[in-house]
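Student: The structure is given below, and queries will be raised subsequently.
The values are calculated or read from the model by the stated rules, or taken from the named source; none is laboratory data. Remember, predicted model here, so these are calculated numbers, not experimental data. With ideal geometry, Cβ positions are generated from the backbone for all residues, glycine too; neighbour counts draw on all protein chains shown.
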């Protein structure tokens, strides 16, 4: 994720349920209990566990800190061994030929080839070096949320199981359109919406639709709003921000093998091709954005379907000093900047959702978007 330095790529989770009152001793005990341990058996393909974020080799959490203020930061380490298919196939062929020569037969039974493959695979696995991967974790127990430095489903599966086992906590992906994030009336209104063309009012067919389509509509609407007032967007009851679509916009319609994708690139995304794609019914799936607020500037790619953030560049800070107090202050500053960006994007989504559910959506917003596309 890059919490300590550099850009950040992460997914968000919402943590639910009660945690122990004496949380720090509980956390200390549990994270050490489920810390990463090296692969011991030669036939093991994978090992995973928690490590220190400051020092990935500190799997006992003895030297490095793992908290700053009310935030806890650590890492998920996953070591995997893998055998290249071409190498496995070649070694199996060698063993099969040797077996035929030793037996004097012309062919092997299926059970024999299966046994040879398993034996060769285990032999290669014992000699293979595991490849490690590290994924930052930032947890705010008091705020009920956490960030995980990955977008990969395989990492999520390991992380979710290990986190539940370690901390006995329930959690779900943080999606701003999820019913648990909304009040009852808004959740009911969202459930009644249907996907389809962004430029036409929704028509009910009685079929349930995945509300994630709203995220693509949000990014599409956000592109229009970013050009409506030269990048300035006034969030009702909040503040004004400046938002610019930059460098890359990906649009898509359909699903699975029927999906049609258009990727547009440009310095400021002044992209006629992208707007033509919206007229044809496509919506923005991901985009590179520049966000400015109160003199600070962030750059990141927002992936709509899971509301994930990639390669987020934070406003310039003083960096992390090696002195303990200054280092903690630097981490807290970076966490604050991440929180500010996320809160602002959530506020923008809430603004969009209020418009999307209002009677003015069909009478005002859609005509304005159509006029923007013609411009």
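Student: When you scan the stretch 177-192, how many residues do you find that are in contact with a helix residue (DSSP H, G or I) (Cβ under 7 Å, 6 or more places away or on another chain) and not in a helix (DSSP H, G or I)?
Tutor: Counting residues in the stretch 177-192 that are in contact with a helix residue (DSSP H, G or I) (Cβ under 7 Å, 6 or more places away or on another chain) and not in a helix (DSSP H, G or I) gives 2.
Student: Got a number for residues in the stretch 170-181 being surrounded by 17 or more Cβ atoms within 10 Å (Cβ to Cβ) and at pLDDT 90 or above?
Tutor: Final tally of qualifying residues: 4.
Student: Also: Let me confirm something: among 166, 113, which residue is in contact with a strand residue (DSSP E or B) (Cβ under 8 Å, 6 or more places away or on another chain) and either surrounded by fewer than 16 Cβ atoms within 10 Å (Cβ to Cβ) or assigned to a helix (DSSP H, G or I) (or both)?
Tutor: Only one candidate passes the filter, namely 166.
Student: Is it the case that the stretch 248-263 has a residue that's buried (at least 19 other Cβ atoms within 10 Å of the Cβ) and in contact (Cβ under 8 Å) with a residue 60 or more places away in the chain?
Tutor: no
So that you can scan it fast, the table gives a plain yes or no per residue for (1) under 23 Å from the mean Cα position of the chain (by Cα); (2) in a helix (DSSP H, G or I):
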| site | (1), (2) |
| --- | --- |
| 60 | no, no |
| 82 | no, no |
| 118 | no, yes |
| 126 | no, yes |
| 132 | yes, no |
| 139 | yes, no |
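For (1) crowded, with 19+ Cβ neighbours inside 10 Å; (2) closer than 22 Å to residue 15 by Cβ; (3) modelled with pLDDT of 95 or more; (4) assigned by TED's automatic domain parsing to the domain that holds residue 77, each residue gets a yes or a no:
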site	(1), (2), (3), (4)
118	no, no, no, no
123	no, no, no, no
139	yes, yes, yes, yes
142	no, yes, no, yes
198	yes, no, no, no
201	no, no, no, no
223	yes, no, no, no
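Student: Can I ask one more? Could you give me the residue pairs with C-beta distances under 9 Å whose first residue belongs to the stretch 170-181 and is at negative phi, whose second residue is assigned to a strand (DSSP E or B) and surrounded by fewer than 15 Cβ atoms within 10 Å (Cβ to Cβ) wherever it lies, and which are 6+ apart or on separate chains?
Tutor: Going by the 9 Å Cβ cut-off, the qualifying pairs are 170/16; 171/16; 172/16; 178/172; 180/16; 180/172.
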